[in-house]
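Here is the structure we will look at, set down as structure tokens.
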């Protein structure tokens, strides 16, 4: 894997996401290298190809210093604003243990007296390291991306990320600390229509951790993601591969949406944004 230290020009970026005001991405690239990851498009900014995703990580070593300066543009200490770590990388991937860029940025936000919401989205148990800082914010929430309860499936699609079972354990520990949590169920893996009981098991496991809120997102099958999937899934059962293609079909998404809403009611979960997310709709 290629690791490089870089200087970035900005770190507190206006968000294009519908429920987040700003994003902080401490790294370019992500070692977790998830097969379905939409963020693989980031490679074009550092002269990398789509299929290089997971094989490079560039650490923005000047991010904390830059953040201290950029926070000055926020009014009222950021009250009623939200900052997400992160939108196109995992803020707690392995290199964070060495560089501590995410932690240093959290320290800067505390030093500044940030009064908005800090939101974390990760697949990593390393987030537990920073519970001491996250507990000091007036408003903080930690999201875990969990797409399955099956460690074999998570290993197949999420190559170097902590196993699904580890993430569920982390989620439970976070809830035991009293911190607010949410789960990002995304992308919805295509076999869930054929195996409804597996999706039920996922929602049940999420609920047992004490988590109350979820996002649910359909898989993004943009051309560049399909390119990676074709390469990575050559050995996958052909019926599952067909489900990937079929998941672009609206009738498939509608069927899956009905299952989701049934499970949300069954497990008394709050579905954030009020419905499942479909990537193409976010572009409009």
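General remarks:
- Residue 188 surrounded by 22 or more Cβ atoms within 10 Å (Cβ to Cβ) and either modelled with pLDDT of 90 or more or touching a helix residue (DSSP H, G or I) at 6+ places or on another chain (Cβ under 7 Å) (or both): yes
- All positions within the range 88-101 that are under 12 Å from residue 129 (Cα atoms) and not in a helix (DSSP H, G or I): 92, 100
- Among helices (runs of 4 or more DSSP H) entirely within the range 102-179, having at least 2 residues that are surrounded by fewer than 22 Cβ atoms within 10 Å (Cβ to Cβ), at pLDDT 95 or above and touching a helix residue (DSSP H, G or I) at 6+ places or on another chain (Cβ under 7 Å) singles out 131-134, 164-177.
- Within the range 75-98, considering residues that are in contact with a strand residue (DSSP E or B) (Cβ under 9 Å, 6 or more places away or on another chain) and free of Cβ contacts under 8 Å to residues at least 60 places away in the same chain, the one nearest to residue 38 (Cα to Cα): 92
- Enumeration of residues in the range 249-271 that are modelled with pLDDT under 90 and crowded, with 16+ Cβ neighbours inside 10 Å: 252, 253, 256
- Scanning the range 47-67 for residues that are assigned to a helix (DSSP H, G or I), modelled with pLDDT of 95 or more and surrounded by fewer than 16 Cβ atoms within 10 Å (Cβ to Cβ) turns up just one, 65.
- In the range 208-229, residue modelled with the highest pLDDT [restricted to those that are touching a helix residue (DSSP H, G or I) at 6+ places or on another chain (Cβ under 9 Å) and assigned to a helix (DSSP H, G or I)]: 208
- Residue check for residue 233: modelled with pLDDT under 80 and buried (at least 16 other Cβ atoms within 10 Å of the Cβ): yes
- Residue 182 satisfies every condition listed in (1) under 19 Å from residue 30 (Cβ atoms); (2) under 18 Å from the mean Cα position of the chain (by Cα); (3) touching a residue at least 24 places away in the same chain (Cβ under 8 Å) except (1).
The values are calculated or read from the model by the stated rules, or taken from the named source; none is laboratory data. Since the structure is predicted, the reported quantities are computational estimates derived from the model, not experimental observations. Methodologically, a virtual Cβ is constructed for each residue, glycine included, from the backbone with ideal geometry; neighbour enumeration extends over all protein chains shown.
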